[in-house]
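Q: Take this structure first; my questions come after.
The values are calculated or read from the model by the stated rules, or taken from the named source; none is laboratory data. Fair warning: this is a prediction, and the values are worked out from it, not measured in the lab. Cβ placement follows ideal geometry from the backbone for every residue including glycine, while neighbour counts extend to all protein chains displayed.
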């Protein structure tokens with residue numbers, strides 16, 4: 001079920017909790033599958049102490065795969081129950097690579113083909129023995145235990161004072177620890193709730209993993225910031241040199257613009273062209289001075305011409321000033337003039 005389907009479905013709190021527990025179990029199973037075999041064996045919650053029925057009606061005690069003498073008070077300890085090897089049918093099968101929970105669901109659908117007995121007469125469990133990294137298939141060992149045999153073993157162990165917390169089978173042809181755990185299915189079949197011994201540890205492990213993920217993300221952010229700061233510090237001399245070069249180029253450009261503007265303002269040809277256009281036909285220039293900023297013209301004009309007004313109206317000069325007083329009358333209509341004006345500053349865009 002996807003998250004969208006879960007949100008759109010009508011489920012009670014118990015169903016949602018079961019789905020969350022199933023998701024958590026899948027997550028932990030995936031994390032466990034990535035561990036090396038030695039680590040998985042070390043972190044496994046398998047029992048170290050096991051009892052196995054013998055032919056005489058008693059019990060044999062196994063500890064860490066070795067047969068030992070019965071210990072006093074063994075019945076009061078948390079102990080595992082071993083089914084006789086000949087009571088459990090085992091077979092290997094190949095399935096696509098997937099998590100243990102998905103493999104278990106796949107086998108439950110196909111158990112009527114894999115088991116010689118009807119599904120309602122057996123309990124089954126499985127163990128992945130080879131994950132098959134190359135071909136995409138993995139080998140799974142399937143264990144099948146008749147329900148009647150499982151109920152009889154559990155009843156006999158409880159009558160003798162034992163409280164089994166697991167039900168497995170001892171491997172006869174290798175030195176591996178007991179395989180499978182049929183007890184949760186046996187308890188479910190007789191109507192007893194299975195005691196989830198690892199639930200508390202699963203929640204603690206999940207909380208620890210969440211904290212570890214948060215710490216990892218924070219650590220990566222801190223490392224990224226430190227790496228970025230180091231990169232900035234390493235590039236600072238280059239950036240400073242580029243900024244100095246930019247300021248120098250901008251200063252040179254401003255100087256160049258100012259020189260060009262001054263050159264345009266002080267261009268004598270530009271001044272002569274403007275003055276030629278501005279002076280009327282009745283004015284004659286006898287003397288001209290130009291230093292790039294100030295213009296002085298001396299000459300003669302008809303008495304009806306105002307040289308200062310003509311210079312101002314040209315638009316190329318400002319502040320025209322008459323240097324000497326012009327005579328208002330005389331024997332002829334020609335008058336001398338001496339006018340000084342300033343070049344108009346260039347308008348920048």
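Q: Does the stretch 307-317 contain at least one residue that is in the same structural domain as residue 339 (by TED's automatic domain parsing), out of contact with any helix residue (DSSP H, G or I) (no Cβ under 7 Å at 6 or more places or on another chain), closer than 12 Å to residue 341 by Cβ and not in a helix (DSSP H, G or I)?
A: Yes, there is a match, as at least one residue in the stretch 307-317 is in the same structural domain as residue 339 (by TED's automatic domain parsing), out of contact with any helix residue (DSSP H, G or I) (no Cβ under 7 Å at 6 or more places or on another chain), closer than 12 Å to residue 341 by Cβ and not in a helix (DSSP H, G or I).
Q: Check the stretch 223-236 and report whether any residue there is within 30 Å of residue 27 (Cα to Cα) and free of Cβ contacts under 8 Å to residues at least 60 places away in the same chain. Show your work before the answer.
A: So in the stretch 223-236, the residues within 30 Å of residue 27 (Cα to Cα) come out as 223-224.
Adding the requirement that they be free of Cβ contacts under 8 Å to residues at least 60 places away in the same chain leaves 223-224.
Looking for residues that are within 30 Å of residue 27 (Cα to Cα) and free of Cβ contacts under 8 Å to residues at least 60 places away in the same chain, one finds at least one in the stretch 223-236, hence yes.
Q: So, of the residues in the stretch 316-333 that are crowded, with 17+ Cβ neighbours inside 10 Å and at pLDDT 85 or above, which turns out to be farthest from the chain's Cα centre (by Cα)?
A: Among those residues, the one meeting the criterion is 320.
Q: In the stretch 91-112, how many residues are closer than 8 Å to residue 138 by Cβ and assigned to a strand (DSSP E or B)?
A: So the answer is 3.
Q: Taking the stretch 104-138, which residues are on the phi > 0 side of the Ramachandran plot and surrounded by 14 or more Cβ atoms within 10 Å (Cβ to Cβ)?
A: Passing the criteria: only 132.
Q: So which of 111, 144 ends up being assigned by TED's automatic domain parsing to the domain that holds residue 185 and farther than 24 Å from residue 23 by Cα? Reasoning before the result, please.
A: Numbers: 111 fails: farther than 24 Å from residue 23 by Cα.
Residue meeting the stated conditions: 144.
Q: While we're here: In the stretch 126-134, is there at least one residue being out of contact with any helix residue (DSSP H, G or I) (no Cβ under 6 Å at 6 or more places or on another chain), assigned to a strand (DSSP E or B) and under 19 Å from residue 188 (Cβ atoms)?
A: Residues of the stretch 126-134 that are out of contact with any helix residue (DSSP H, G or I) (no Cβ under 6 Å at 6 or more places or on another chain), as a first pass: 127-134.
Those still in the list that are assigned to a strand (DSSP E or B) too: 127-130.
From the residues that got through so far, the ones that are under 19 Å from residue 188 (Cβ atoms) too are none.
No, the stretch 126-134 contains no residue that is out of contact with any helix residue (DSSP H, G or I) (no Cβ under 6 Å at 6 or more places or on another chain), assigned to a strand (DSSP E or B) and under 19 Å from residue 188 (Cβ atoms).
Q: Same structure again: Could you check how many residues of the stretch 171-188 are closer than 24 Å to residue 120 by Cα and at pLDDT below 85? First the steps, then the outcome.
A: Step one: list which residues in the stretch 171-188 are closer than 24 Å to residue 120 by Cα, which gives 179-188.
Now narrow it down to the ones that are at pLDDT below 85: 179.
Residues flagged as closer than 24 Å to residue 120 by Cα and at pLDDT below 85 within the stretch 171-188 amount to 1.
Q: Just name the residue that is nearest to residue 52 (Cα to Cα) out of those in the stretch 139-156 that are buried (at least 20 other Cβ atoms within 10 Å of the Cβ) and out of contact with any helix residue (DSSP H, G or I) (no Cβ under 7 Å at 6 or more places or on another chain).
A: 153
Q: Here are 308, 313, 341, 336: which of them is under 29 Å from residue 254 (Cα atoms) and either modelled with pLDDT of 85 or more or touching a strand residue (DSSP E or B) at 6+ places or on another chain (Cβ under 9 Å) (or both)?
A: Values: 308 fails: under 29 Å from residue 254 (Cα atoms); 313 fails: under 29 Å from residue 254 (Cα atoms); 336 fails: under 29 Å from residue 254 (Cα atoms).
Within the list 308, 313, 341, 336, the selection yields 341.
Q: Please verify whether the stretch 256-278 includes one or more residues that are touching a helix residue (DSSP H, G or I) at 6+ places or on another chain (Cβ under 8 Å), within 30 Å of residue 315 (Cα to Cα), outside any helix (DSSP H, G or I) and at pLDDT 80 or above.
A: Scanning the stretch 256-278, I find no residue that is touching a helix residue (DSSP H, G or I) at 6+ places or on another chain (Cβ under 8 Å), within 30 Å of residue 315 (Cα to Cα), outside any helix (DSSP H, G or I) and at pLDDT 80 or above, so the answer is no.
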